[in-house]
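Before any comments, here is the structure.
Laboratory data are not the source of any read-out in this text; all were calculated from the coordinates shown. These figures come from a predicted structure and were not determined experimentally. Here the Cβ positions follow ideal geometry from the backbone for every residue, glycine too, while neighbour counts run over all protein chains shown.
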There are 2 protein chains.
Amino acid sequence: MSRADLASQTCSIARSIAQVGDEWSLMILRELFLGTRRFDDFLLYTGMSSHLLSKRLRKLETRGVIKREPYAYRPMRHEYRLTGMGRDLWPVIVALKQWGDRWLVDGATPVQIRHKGCGHVTIPEMTCSQCGEAMSATDARARLSEPFENERTSLVRST
Amino acid sequence: MSRADLASQTCSIARSIAQVGDEWSLMILRELFLGTRRFDDFLLYTGMSSHLLSKRLRKLETRGVIKREPYAYRPMRHEYRLTGMGRDLWPVIVALKQWGDRWLVDGATPVQIRHKGCGHVTIPEMTCSQCGEAMSATDARARLSEPFENERTSLVRST
């Protein structure tokens with residue numbers, strides 16, 4: 001199974017992984033959420049090669065996660081911005097940040113988040129949309145849809 | 001900059017990406033959260049090659065995300081389970097799921113989550129730890145720590 005195959009799986013997790021679940025797409029997203037817009041700055045702050053950066057930006061643009069906008073005309077220069085679809089990836093990056101803060105960093109968090117709404121420094125958390133309680137893995141029971149269940153059963157049968 | 005370099009960045013997002021931010025580690029995590037424990041089942045449901053699966057399982061074990069436990073002795077067989085550190089990655093997988101459900105899937109979600117606490121089907125969301133309101137990218141203001149800011153400035157100076 002290749003990356004392309006992940007994109008055609010029934011599972012929305014696999015599909016998301018196919019779109020943005022690689023190191024460099026995630027690093028570009030980190031930068032976009034930190035306000036980086038220009039090619040040379042992505043290059044500098046992610047440490048990617050220019051070739052790979054071009055490739056990933058093109059992929060993210062094709063998938064609708066980012067858009068290019070001109071900021072100079074002679075010569076023509078573009079900057080990159082998140083689309084609405086791209087901004088919706090914020091919880092993914094925040095979840096990676098919280099995990100890193102908890103398990104991989106000693107001391108103060110490298111990126112502090114303030115909630116504009118209430119004005120406080122916040123540690124965003126996953127909560128239940130129904131009761132508002134914070135949720136973790138052990139609080140959740142997953143149930144697969146029939147098409148997803150069937151897809152998995154057919155994998156078993158084909159072995 | 002390579003994967004190894006990401007792990008030594010000040011930023012906790014980059015560090016998390018270095019640990020689990022690749023397609024196949026994320027697919028293995030999906031399976032672990034769906035209850036998969038055995039090598040052959042990971043192989044089947046992720047579609048990875050056996051070589052790559054061994055490599056990623058070893059990496060996740062070395063980093064403390066999963067642990068191996070014997071389930072048969074003649075011959076010796078192991079199954080794989082999330083550690084506490086690994087279970088803490090649940091919000092990352094859930095965030096990928098929500099994004100996929102919203103942007104990449106038509107119709108019903110392939111994986112429905114029920115909150116054991118309140119008993120309802122839920123769509124977990126990122127909320128502010130201070131005021132409890134749901135948060136999105138536009139509600140957040142990021143502030144870099146001094147060490148992280150200095151690291152970025154030194155990259156600018158060294159060009």
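Annotations for the structure displayed:
- Over every Cα atom in the protein assembly as shown, the radius of gyration and the widest Cα-Cα span, Dmax, amount to 19.7, 72 Å.
- Residue exposure sequence - A:155, A:53 - by fewest surrounding Cβ within 10 Å: A:155, A:53
- Close amide-amide hydrogen proximity is noted between residue B:123 and A:129, A:130, each under 5 Å apart and 5 or more residues distant or on a separate chain (H modeled in the peptide plane; Pro and chain starts excluded).
- Cβ-vector label at 7 Å, residue A:84, separations to other copies in nm: 4.2
- Contact order relative to length of chain A, as percent, for alpha carbon pairs under 8 angstrom and 6 or more apart: 14
- Its convex hull of Cα atoms gives the stretch A:67-114 a direction-averaged projected area, equal to a quarter of the hull surface, of 5.1 nm².
- Karplus 3J(HN,Hα) series, Hz, for the stretch A:40-46 with 6.51 cos²θ - 1.76 cosθ + 1.60 (x for Gly, Pro): 5, 6, 4, 4, 5, 7, 8
- Principal axis dimensions, largest first and in whole angstrom, of the stretch B:3-88 by Cα: 46, 25, 21
- Dividing the summed helix terms, -39500 (n - 2.57) for each DSSP H run of n ≥ 4, by the number of residues in chain B produces a 222 nm estimate of -14000 deg cm²/dmol to the nearest 500.
- Taking other Cβ atoms within 10 Å as a rough exposure proxy, B:50, B:12, A:158, A:54 sort from fewest to most as A:158, B:50, A:54, B:12.
- Magnitude of the charge dipole for the protein assembly as shown, about its Cα centre and with charges confined to Cβ atoms of Lys, Arg (+1) and Asp, Glu (-1), is about 540 debye.
- For residue A:66, the residues whose modelled amide H falls within less than 5 Å of its own, excluding neighbours fewer than 5 places apart on the same chain, are A:61, A:83.
- Mean-square fluctuations from a GNM of chain B, with a 10 angstrom spring cutoff on Cα atoms, peak among B:122, B:62, B:83 at B:122.
- Compactness ratio for the stretch B:35-159: Cα radius of gyration over 2.2 N^0.38 Å (N = residue count) comes to 1.46.
- Amide H contacts of residue B:135 (H built 1.01 Å from N, in plane; Pro and chain starts excluded): B:126, B:127, B:128 sit under 5 Å, all sequence-distant by 5 or more or on other chains.
- Sparse packing (at most 14 other Cβ atoms within 10 Å of the Cβ) combined with a DSSP loop state is found for the following trypsin sites (Lys or Arg not before Pro) in the stretch A:53-145: A:116.
- Placing a label point 7 Å from the Cα of residue A:120 along the Cα-to-Cβ direction, the distances to the matching points in the other copies come to 2.2 nm, shortest first.
- For the stretch A:95-145 and the stretch B:102-135, distance of Cα centres in Å: 13
- Distance from the stretch A:1-43 to the stretch A:53-80 (C-alpha centre basis), Å: 15
- About the Cα centre, charge dipole magnitude for chain A (Lys/Arg +1, Asp/Glu -1 at Cβ), debye: 640
- Dipole of the protein assembly as shown, positive direction: furthest Cα of B:109, B:95, B:71, with charges on the beta-carbon: B:71
- Couplings 3J(HN,Hα) of the stretch B:67-80, computed from phi: 10, 9, 9, x, 10, 8, 10, 10, x, 5, 10, 10, 10, 10 Hz, in residue order, whole Hz [Karplus 6.51 cos²θ - 1.76 cosθ + 1.60, θ = phi - 60°; x for Gly and Pro].
- Copy-to-copy label separations for residue A:154, where each label sits 7 Å from Cα toward Cβ, in nm and ascending: 5.3
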